[in-house]
Amino acid sequence: MPQVQVCLWQNQYFMRLEAGRVIKAQGIKGEVKLACFLDDSAMLKAVKQLYIGANSYTVEHIRCDGEFCYLKLTSVSDRNAAEALVNWSVFVDKESIPLPQGRYFVEDLIGCTVSLSSGKVVGNIIDVLQYGAADVIVCCDSDGKNVMFPFLKDCVSVDIRRKTVTVEDTGFGEVAVYED
């Protein structure tokens, strides 16, 4: 799972997400190939500034191909400078990544209270498992046991500001898996 950095700058906290890892230098003009950790690498096209190690870089150009992105950074002018970045994690400011309606960062879901539409509290989200067909929400109930259920857009509503997730009662008992 990608890392999250919480940074303090000018008495203000902000969050950086690990967007990927530099896997190789690309060509001789300082471009790098990035293995992207986001659901859709095209989400990085809006990013103008990124962070590698303790350094900040301005994105000159970015092109995406599947789960990979090719980045040209302003202060990386040749292959040697690009090779020095290989194996480093790339972080971006969370606010610089636009999310479509109905999409959420996993970090925003962690800690949300899950309730059924009837009002019964299921527990708090402790993890989101991503297996492909549907993400699986993992909650910890009041007894300390885990409850897992698929995150199905038709049956789940999310309010990030209130840190709440509401699940339709209908069918919840059929799809929820309770840990012993």
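Since every read-out is calculated from the coordinates, none of them should be taken as a lab result. Please read these numbers as outputs of a predicted model, since none were measured by experiment. Positions of Cβ are backbone-derived with ideal geometry, glycine not excepted, and every protein chain shown enters the neighbour counts.
This structure gives Cα extents along the principal axes in Å, computed directly, and of [x] 60, 39, 30; [y] 56, 45, 30; [z] 47, 42, 23 that value is listed as [x].
Only helices enter the 222 nm calculation for the chain: every DSSP H run of n ≥ 4 contributes -39,500 (n - 2.57), and dividing by all residues gives -1000 deg cm²/dmol, rounded to 500. Considering only alpha-carbon pairs that sit under 8 angstrom and 6 or more positions apart, the relative contact order computed for the chain is 16 percent. Rounded, prolate or oblate: which fits region 106-178 when a ≥ b ≥ c are the square roots of the eigenvalues of the alpha-carbon gyration tensor, with rounded for a/c under 1.5 and prolate only if a/b beats b/c? Here region 106-178 falls in the rounded category. For SER89 and THR113, a Förster radius of 30 Å and the Cβ-Cβ distance give a FRET efficiency of 0.45, rounded to the nearest 0.05.
Neighbour counting of Cβ atoms within 10 Å sorts the residues VAL121, VAL22, fewest neighbours leading, into VAL121, VAL22. Net charge dipole, the chain: roughly 860 debye, given to the nearest 20, about the Cα centre with Cβ charges of +1 for Lys and Arg and -1 for Asp and Glu.
At full extension, TYR131 and ALA176 could sit 14.6 nm farther apart than now, given 0.36 nm per residue minus the alpha carbon distance. Rounded to the nearest 20 debye, the dipole magnitude of region 132-180 is 340 debye, with +1 charges on Lys and Arg beta carbons, -1 on Asp and Glu beta carbons, and the Cα centre as origin.
Using a/c under 1.5 as the rounded threshold, could you call region 15-106 rounded, prolate or oblate? The axes a ≥ b ≥ c are square roots of the C-alpha gyration tensor eigenvalues, and prolate needs a/b larger than b/c, oblate otherwise. Note, shape of region 15-106 comes out prolate.
So if I take the centroid of the Cα atoms in region 75-96 and the same for region 124-180, what is the distance between those two points in Å? Each part reduced to its Cα centre gives a spacing of 36 Å. Taking the Cα centre of region 4-96 as origin and assigning +1 to Lys and Arg Cβ atoms and -1 to Asp and Glu Cβ atoms, the resulting dipole is close to 180 debye. Between the residues TYR70, ALA42, GLN26, the greatest Cα displacement towards the positive end of the dipole of region 4-96, with unit charges on the Cβ of Lys, Arg, Asp and Glu, is found for GLN26.
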